[in-house]
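Asker: Before we start, here is the structure in question, set down as structure tokens.
Throughout, read-outs are computed from the coordinates displayed, never taken from laboratory work. This one's a predicted model, so the numbers in the text were calculated from it and none came from an experiment. A quick note on method: Cβ atoms are made from the backbone with ideal geometry, for glycine too, and the neighbour counts reach across all protein chains shown.
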Amino acid sequence: MKRRSMGVLLPAACLFLAAAAVTAIASGSAGIPLLRVITTILEGQATPEFGILMDIRLPRIILGFAVGGALSIAGVILQGMFRNPLVEPYTLGISGGAALGAALCIILKLHYVLPVTALPLSGFLGSCLVILPLYFLNMRRTVLRMQGILLTGVMMSFISSSLVFLIFAISKTQELHSIVFWIMGSLEEPSWTLILVLTAIVVACLFASFFFAPVLNALSLGEEEAVHLGIDTERAKKQLFLMASLLTGISVSLTGIIGFVGLIVPHFVRMLTGYDHRRLLVVSFLVGSGFLIFCDTIARTVISPIELPVGVITGILGGSVFIYVLARRQGLARPGGSL
Amino acid sequence: MIEVRGLTCGYGEKTVLHDINLSVGKGEFFGIIGPNGSGKTTMLRAMTRLIRPAKGTVLLGGIDMKSLHTADVARKIAVVSQSMPLIEMTVREFVLLGRIPYYRKLQFFEKDEDTAIAERVMEMTGIRHLAGAFMSEMSAGEVQLAFIARGLAQEPQVLLLDEPTSHLDITHQAAILDLVKRLNRQEGLTVVIILHDLNLASEYCDRLVLMDGGRIRKVGTPAEVLEYETIEAVYRTVVVVRQNPLSQKPFVMIVSGEVREKCTKGS
């Protein structure tokens, strides 16, 4: 695949995101045609159709935008700082912690006490439960050991999924169903406040991550080389790790585990933009948002009115597209892949 | 330019360098030689602050390096190592990374000045025609030139090189070292270079330090350092030292085991 200039990529990525959003708002079991969607929104009257668009479809689109973008840039950051293309936001066990938190919340029936916030809150606490030991166990004096983080993260992931299975084994069928559905991921979220808070944090992180683009570029040569280029790698690594954890933690706690976005989107975008994180971060964010909105549209329309877990769609669609692209690239046999 | 005073350092519990005192003058072409594991690379790493001294200090232009900011050091010292980027990038992108120490706080993109400097250093190192090529497509010699170009893009006062000529044929060995020498003589760049090949070290360096077991064995001109008794003791190998007829620099020849046996029998 040829590298494209930013003048082509940026409009193309925006267009993709816009197309995904328009498709998402115009499709669904209520069967409102696109023209009707536009007039309904423009008129802005409290018709049932207006309600469906603004209270059911729009929140999902915004949540998809925020979570898709968050997972993608978390993936870019982690792949960049670990110099490992197979690392993704969930490799570090953050999702496992969140799943454990949510599962505990469901069997302890905490969501009856705090109906809106209990699940996201316990998901977030669960991910903190993983992030903090991960961070402090791998601090040696002032040095953050990257390989240590990776290994501890994978182990934490195993431990928390074992604990989730333990909870499965002792829970009743109905609770089991809620836990499984939470874990498989969904963009359904009734609280506008939570959606807007998440979106604000994610957009802020996108801007913040842009400040780290030169640092990530230098880190792609290795830590020692980055030091030679005048980067305070220890400070940068800590900040980047915490930012990626925050992005993953808040996304997972609101939507459950939506896999593959954070792994595949950065990979795919890197083929087009090259190594430079200044382009990679922005384009990945846009493509990731669009991809997740698109997958969610498929998830809720393909056998409507039954809604499929969106994580299933991202996995199947993302995985197949990626294998296809990879096979085509190898078929072209250009020397030197993008990673 | 660089002064090492009473330096003791190492990795964790293991001390590699013991009480090193060394001074490299401005504009000097200074070579570090010694057997494997004698502490050459550690010395270089201490000069770039990758390793903090356990005891002693390293001064850069008279200032203790501990008190310098990381980016300040990178504007003064450039390091030419051998770690290839794992991620695909073009030669121009690679060389432009050398401008990172000059980025301001809120600067995301290279200025015209940065691009101009990158073009100039690629011209100086003779790789401008390769600017759009990918690093992974280049030969070993060209990669080494790109590393030097990236170092020069940092506009340093000191260039540190860790065995830039290993794995290269003599054409490229001479080309690389001639280039570094030219930069040293014409641009006044201070050069500190680790070389495995004693004869290259002898030919190109103004002064040499011979390391042995984490200590300095000898410092001086190639003629002073490369004496056969010293070399035989440090490298535990029998050698003959003669003079290069053109440069008058010492030339170290290895004596193989077979020849050694013949000679002892003959006498």
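Asker: If you take every DSSP beta bridge whose two residues both sit in segment B:2-266, what share of them, in percent to the nearest 5, is antiparallel? Please list the in-between numbers first.
Answerer: Values: 25 of 42 bridges.
In segment B:2-266, DSSP labels about 60 percent of beta bridges as antiparallel.
Asker: Is segment B:219-267 rounded, prolate or oblate when judged by the Cα gyration tensor, a ≥ b ≥ c being the square roots of its eigenvalues, rounded requiring a/c under 1.5 and prolate requiring a/b larger than b/c?
Answerer: It comes out oblate by the Cα gyration axes.
Asker: If a/c stays under 1.5 just call it rounded; otherwise compare a/b with b/c (prolate if a/b is bigger, oblate if not). Do that for chain A, with a ≥ b ≥ c from the square roots of the Cα gyration tensor eigenvalues.
Answerer: Numbers: a/c = 1.79, a/b = 1.18, b/c = 1.53.
Here chain A falls in the oblate category.
Asker: Then there is this: With a 10 Å radius around each residue's Cβ, average the other Cβ atoms per peptide and rank B:62-69, A:276-283, highest first.
Answerer: On the way: B:62-69: 12.4, A:276-283: 23.0.
My ranking of the peptides, most packed first, is A:276-283, B:62-69.
Asker: With an 8 Å Cα cut-off and a minimum separation of 6 or more residues, compute the relative contact order for chain A in percent.
Answerer: 32 percent
Asker: Further question: At 222 nm, what helix-only mean residue ellipticity would chain B give, in deg cm²/dmol to the nearest 500, using -39500 (n - 2.57) for each DSSP H run of four or more?
Answerer: -10500 deg cm²/dmol
Asker: 7 Å from Cα along Cα→Cβ at both residue A:56 and residue A:165: what's the point-to-point distance in nm?
Answerer: Distance between the two pseudo-spin positions: 3.8 nm.
Asker: Projecting each Cα onto the charge dipole of segment A:6-332 (Lys/Arg +1, Asp/Glu -1 at the beta carbon, about the Cα centre), which of A:219, A:61, A:326 comes out farthest on the positive side?
Answerer: A:219
Asker: Suppose we take every Cα in segment B:14-111 and form the convex hull; what volume per residue is that in Å³?
Answerer: 171 Å³
Asker: Partner chain Cβ atoms within 10 Å, averaged over the residues of B:67-79 - can you pull that number for me?
Answerer: For peptide B:67-79, the averaged partner shielding equals 3.
Asker: So what are the ³J(HN,Hα) numbers for segment A:230-235, from phi and the Karplus equation (6.51, -1.76, 1.60; θ = phi - 60°), rounded to whole Hz, Gly and Pro as x?
Answerer: Result, rounded to whole Hz: x, 8, 7, 5, 5, 5.
Asker: Order by neighbour count: A:246, B:7, fewest other Cβ atoms within 10 Å first, most last.
Answerer: A:246, B:7
Asker: Is it possible to state the helix-based mean residue ellipticity at 222 nm for chain A, with each DSSP H run of 4+ residues giving -39500 (n - 2.57), the sum divided by total residues, to the nearest 500 deg cm²/dmol? What is it? Please report the intermediate quantities before stating the final value.
Answerer: Numbers: 17 runs with 247 residues, N = 339.
The per-residue figure over chain A is -23500 deg cm²/dmol.
Asker: In segment B:2-266, how does Rg compare with the Kirkwood Rh, expressed as the Rg/Rh ratio over alpha carbon atoms?
Answerer: Rg divided by Rh gives 1.00.
Asker: Where the eigenvalues come from the Cα gyration tensor of segment A:87-142, what are the semi-axes √(5λ) of the equivalent ellipsoid, largest first, in whole Å?
Answerer: Each semi-axis is √(5λ); the values are 26, 11, 8 Å.
Asker: So how far, in whole Å, is the C-alpha centre of segment B:113-146 from the one of segment A:182-242?
Answerer: 31 Å
Asker: So how tilted is helix B:170-187 from the main axis of chain B? Cα-based, degrees 0 to 90, rounded to 10.
Answerer: 60 degrees
Asker: Mind telling me which of B:255, B:80, B:121 comes out most flexible in a GNM of chain B, alpha-carbon contacts under 10 Å?
Answerer: B:255
Asker: In debye, nearest 20: dipole of segment A:6-332 around its Cα centre with unit charges on the Cβ of K, R (+) and D, E (-)?
Answerer: With only Lys, Arg, Asp and Glu charged at Cβ, the dipole is about 480 debye.
Asker: Among the DSSP beta bridges whose two residues both lie in the protein assembly as shown, what percent are antiparallel, rounded to the nearest 5?
Answerer: 60 percent
Asker: Here's a follow-up. Looking only at other chains, what is the average number of their beta-carbon atoms within 10 angstrom of each beta-carbon in A:267-280? The partial results should precede the final answer.
Answerer: Working: counts 0, 0, 0, 2, 1, 0, 0, 6, 9, 5, 0, 2, 0, 0.
That average works out to 2.
Asker: Size of segment A:17-168 along its principal axes in angstrom, Cα-based, largest extent first?
Answerer: So the extents along the principal axes, rounded to whole Å, are 62, 39, 25.
Asker: Please rank A:128, B:205, A:14, fewest neighbouring Cβ atoms within 10 Å first, as an exposure proxy.
Answerer: With the fewest neighbours first, A:128, B:205, A:14 line up as A:14, A:128, B:205.
Asker: Now a separate question. Is there a quick way to get the dipole size of the protein assembly as shown? I mean about its Cα centre, with the Cβ of Lys and Arg at +1 and of Asp and Glu at -1; what is the value in debye to the nearest 20?
Answerer: 400 debye
Asker: What residue among A:35, A:71, A:110 shows peak mean-square fluctuation when chain A is described by a Gaussian network model with Cα springs under 10 Å?
Answerer: A:35
Asker: Measuring from the lowest to the highest alpha carbon on each principal axis, how far does segment B:142-217 reach, largest first, in angstroms?
Answerer: Dimensions of segment B:142-217 along the principal axes of its Cα atoms: 34, 28, 19 Å.
Asker: Give me the inter-chain shielding for A:228-236: mean count of other chain Cβ atoms within 10 Å, whole number please.
Answerer: What the average comes to for A:228-236 is 6.
Asker: Also, quick follow-up: Between 0 and 90 degrees, rounded to the nearest ten: what's the tilt of helix B:140-153 against the longest Cα principal axis of chain B?
Answerer: Compared with the principal axis, the helix lies near 60 degrees.
Asker: For the protein assembly as shown, compute the orientation-averaged projected area of the C-alpha convex hull (one quarter of its surface), in nm².
Answerer: One quarter of the hull surface, i.e. the mean projection, equals 34.8 nm².
Asker: Using only Cα atoms, locate the centre of segment A:46-87 and the centre of segment B:224-267, then give the distance between them in Å, rounded to an integer.
Answerer: Segment A:46-87 and segment B:224-267 have Cα centres separated by 70 Å.
Asker: Let me ask something additional. Given springs between every Cα pair under 10 Å in a Gaussian network model of chain A, which of A:64, A:259, A:274 has the largest fluctuation?
Answerer: A:274
Asker: What dipole magnitude, in Debye to the nearest 20, does segment B:2-266 give about its Cα centre under +1 on Lys/Arg Cβ and -1 on Asp/Glu Cβ?
Answerer: 720 debye
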